[in-house]
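Have a look at the structure below before the remarks.
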Amino acid sequence: MPPRTPLTTPDWQAAVRRRTQFYLLIAFLLAVLFGVLVFQFFAQQRESQPGALTMTVFANLDIPMGTAITAEMLEVRNVPDEAVPPLHYTFVEQVIGRVALYPLIAGEVILPGKLMGDSGGPMAQRCPGGYWCISIPAEWFVAAPPDLAEGDSLEIAAVQPGNPVDDAGYIATEVLVVALPQGHEGSSYVLAVDDQEALSILYAHANEFKLLVLLRPAGS
C-alpha cells in the first residue's frame, strides 16, 4: 500500500472550507426542517381549538317592538362561530335605522328575521310564508283563550250557541299566534292561517258560531 501523500497548506485549507460549507448546509437544512415542523404544530393547535371568533351585533338594552334602532342600543362582541346563527350582523351600521319587528332584550343577538326589511309593514313581515294573517277580536271566542305567547301553535273549533258540544268541529289547525292583544278595548289576536281556514273562520262568525281555542303543547 503506497504511503499517503501529506496535504500541502493550500490543499488543507480547501478541504477545511469544503467541510465547513457542508456543515453549514446541513445546519441550514435542519433549521428549515425545524421551522416547517413548528409551523405545522401551531397550525394543528389552531385547528384543534374550538371555533374561531366572529364579530356579532347584540342588543345593548331592551328594545320595544316597532322601535327604530340607534347606535346606543347596540354593541359588538367577539364570540365563537358556533355560538351564533350563520345569519347575523357583524357591524352596527347594518342595523342602525332598522325597525324591530319583535321586542328585543338586552344581550340578545340581533338577527335579520327580527328586523323590518325594505318592503311591507311590520305585521306583513311577521306573517310566516305560506300563511295569511287575520285579526280576530277576543269577543269572538266562547271562552277567553289560554295565556298565549307569540309563536304558539293552536287549533280552533267552532260551535253554535245552544247546540250540544258534540256539534262542535275543528275549522282551523296548526294556527300560529303572530301578535297578542295590546290591552286596549277592541284589540285583537293576529293569527296566521291558510286561505281555507280564514274563510272557515269568517263563515263561522257570520253564522254566529263561537270559537274555541285549543293550545297545542310544545313539541307536538
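Structure above, values below:
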{"item": "Those residues of segment 146-161 which are within 13 Å of VAL190 (Cα to Cα) and either surrounded by 13 or more Cβ atoms within 10 Å (Cβ to Cβ) or among the polar types (S, T, N, Q) (or both), in sequence order", "result": "LEU148, GLU150, ASP152, SER153, LEU154"}
{"item": "Members of segment 77-122 that are of a type in the set (Val, Ile, Thr), loosely packed, with under 14 Cβ neighbours inside 10 Å and more than 25 Å from GLU150 (Cα to Cα)", "result": "THR90"}
{"item": "Residue check for SER135: touching a residue at least 60 places away in the same chain (Cβ under 8 Å) and hydroxyl-bearing (Ser, Thr, Tyr)", "result": "no"}
{"item": "Tally, over segment 72-112, of residues that are closer than 10 Å to PHE58 by Cα and outside any loop (DSSP other than H, G, I, E, B)", "result": "8"}
{"item": "Leading residue by the ranking (nearest to PRO145 (Cα to Cα)) among those in segment 201-210 that are in contact (Cβ under 8 Å) with a residue 40 or more places away in the chain and not in a loop (DSSP other than H, G, I, E, B)", "result": "LYS210"}
{"item": "In segment 162-197, residue modelled with the lowest pLDDT [restricted to those that are in a helix (DSSP H, G or I) and surrounded by fewer than 19 Cβ atoms within 10 Å (Cβ to Cβ)]", "result": "VAL165"}
{"item": "Of all residues making up segment 185-204, the number that are more than 30 Å from the chain's Cα centre (by Cα) and over 14 Å from TYR170 (Cα atoms)", "result": "3"}
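The values are calculated or read from the model by the stated rules, or taken from the named source; none is laboratory data. Computed from a predicted structure; not experimentally measured. Here Cβ is always computed from backbone atoms with ideal geometry, including for glycine, and neighbour counts include all displayed protein chains.
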